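The structure under discussion appears below in the form of structure tokens.
Values in this text are rule-based calculations from the coordinates and carry no lab data. This one's a predicted model, so the numbers in the text were calculated from it and none came from an experiment.
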Amino acid sequence: IRKQAKLDISKVRAEGLATRPMQPKDREFIMIIIDVVDHNISNDKFGVQELADALGMSRSNLNLRLKTIADTTPLDLIRKIRMEKVFKMLLRREFMFHKMLLNGDYPISEVASATGFSSATYFATYFHKETGLTPRQWISRNKN
């Protein structure tokens, strides 16, 4: 049951990244990418070349295929998957850092590190670019 649930979630995640209806082989390709990035989520050294290597592809082939399927670059896809993890962490109320981050007791660098961003500054900048808010502002607005 857990394996099927994980597969269903992966399909939904893959479909959410597409700019057009996906063929089954394209969906499977995106699901593999999501799985590889998820397994390397806290590795700040994991980037496009490491993803291409894990898939057995060249960087240019990976870039071309992702552009065709989802109209995105590998780097943007990796960032989207990392940000998805950030939001999962922020929205889980039982997760300890949520309250600590809101109170200023938990350094942003810990969130950045847990999700594979190389620095707290880069994380906060990218977070702001994606949401229009700093991480603390976002949490304050979503703390119900």
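Between L133 and E28, full extension at 0.36 nm per residue minus the direct alpha carbon distance yields a gain of 34.5 nm. For the stretch 68-81, putting each phi into the Karplus relation 6.51 cos²θ - 1.76 cosθ + 1.60 with θ = phi - 60° gives couplings of 5, 6, 10, 6, 9, 9, x, 5, 5, 5, 4, 4, 4, 5 Hz, in residue order, rounded to whole numbers and with x for Gly and Pro.
Full extension of the chain between K67 and E110 gives 12.3 nm of extra length, using 0.36 nm per residue less the Cα-Cα distance.
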